[in-house]
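One structure below.
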Amino acid sequence: MNNIFKIFLLSISLLAFTISSSKAWVMDVWTIEGMDAQELAAATAEYKEKALSGGAKMANIRSSSKMRGDNPQDTTFVQIYYENFSDLMSDQVLAAANPDWFASTYGEVNQDASSNNAIMANDSPMPEMGGAGQTVAYAFVEVTSGINFLLNMPKFQEIMQSAGAKVQVDSLNCATCGESVLPANAMIYFAAGNMEDMGEAMDIFSSNDIQRWVFANIAPHINITDAGILAFHN
């Protein structure tokens, strides 16, 4: 497990120099292979308690496991949410000053697991379901035409909402992504409060009208590198 977060304190050392926006919804996400989901959930809950008690500015930290997609039995995630990059940078300094928080929670869990990291962000307010939803369907994508993608995402949100989907539909762009994440430079996601709402949203998404619209207006401008459905543990 020491290898999993060995760059936990160093992964965003250049972030202040590469990001100009000071206000955003930021998600620091770790993709972890080969870890027991229940052990990860317990470690995440303990780390959250210690970090927040110690003054961390994170809005939330959660763990999840992949239910569907590639390697669903072996892939887990830790997502740390922030309202801006300043809070994220502040927490890095705080964590560096308190290494025992990590050592006493994640430090002894699944020594042989491996991980990669991506920091994603957009300039919208943090969506309620993005922090509290129990089920998320996502796709890491390589955006090949940024203008067309940005113009069509708001339309996609409106179409899903008008059709009655009870999910938060949004996208996040890479702020810093490791080589193992690239060429993906964005993530599209549905966040639902429960599995039933996600199921209904997926039914809506798979309808002929919406699929025709997606294939005409979204699909030509992206390449999907990974997709799946996550169940959150805490």
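The values are calculated or read from the model by the stated rules, or taken from the named source; none is laboratory data. Computed from a predicted structure; not experimentally measured. Cβ placement follows ideal geometry from the backbone for every residue including glycine, while neighbour counts extend to all protein chains displayed. Heavy atoms of the whole protein, side chains included, go into the accessibility calculation; ligands, DNA and RNA do not. Shrake-Rupley method; radii C 1.70, N 1.55, O 1.52, S 1.80 Å.
Odds and ends about this structure:
- Condition check for Ile224: open to solvent by 20 Å² or more (accessible area, probe 1.4 Å), in contact with a helix residue (DSSP H, G or I) (Cβ under 9 Å, 6 or more places away or on another chain) and outside any loop (DSSP other than H, G, I, E, B): no
- Residue in segment 106-116 that is within 21 Å of Lys50 (Cβ to Cβ), assigned to a helix (DSSP H, G or I) and either in contact with a Cys (Cβ under 9 Å, 6 or more places away or on another chain) or among the small types (Gly, Ala, Ser) (or both) present: no
- Scanning segment 28-65 for residues that are open to solvent by less than 10 Å² (accessible area, probe 1.4 Å) and either among the charged types (D, E, K, R) or in a strand (DSSP E or B) (or both) returns Asp28, Val29, Trp30, Ile32, Ile61, Arg62, Ser63, Ser64.
- Qualifying position, being at pLDDT 95 or above and of a type outside the set (Gly, Ala, Ser), among His233, His221: His221
- Residue under evaluation Ile61, criteria (1) modelled with pLDDT of 50 or more; (2) over 19 Å from Gln134 (Cβ atoms), criterion not met: (2)
- Residue that is modelled with the lowest pLDDT [pool: residues in segment 165-190 that are open to solvent by less than 40 Å² (accessible area, probe 1.4 Å) and outside any strand (DSSP E or B)]: Gly178
- Restricting attention to segment 131-163, the residues that are open to solvent by 40 Å² or more (accessible area, probe 1.4 Å), in a loop (DSSP other than H, G, I, E, B) and more than 20 Å from Ser63 (Cα to Cα) total 2.
- If only residues of segment 1-29 that are under 17 Å from Ala96 (Cβ atoms) and at pLDDT 50 or above are counted, the one that is farthest from the chain's Cα centre (by Cα) is Asn2.
- Selection within segment 66-86 - surrounded by fewer than 16 Cβ atoms within 10 Å (Cβ to Cβ), not hydroxyl-bearing (Ser, Thr, Tyr) and not in a strand (DSSP E or B): Asp70, Asn71, Pro72, Gln73, Asp74
- Selection count, segment 191-221, where residues are free of Cβ contacts under 8 Å to residues at least 40 places away in the same chain and open to solvent by 50 Å² or more (accessible area, probe 1.4 Å): 9
- Which listed residue, of Ala97, Ala113, Ala103, is farther than 24 Å from Leu230 by Cβ and either in contact (Cβ under 8 Å) with a residue 12 or more places away in the chain or open to solvent by less than 60 Å² (accessible area, probe 1.4 Å) (or both): Ala103
- Extreme residue, farthest from Met120 (Cα to Cα), among residues of segment 191-205 that are among the aliphatic types (A, V, I, L, M) and not in a helix (DSSP H, G or I): Ala192
- Some residue of segment 121-128 being part of a strand (DSSP E or B) and surrounded by 20 or more Cβ atoms within 10 Å (Cβ to Cβ): yes
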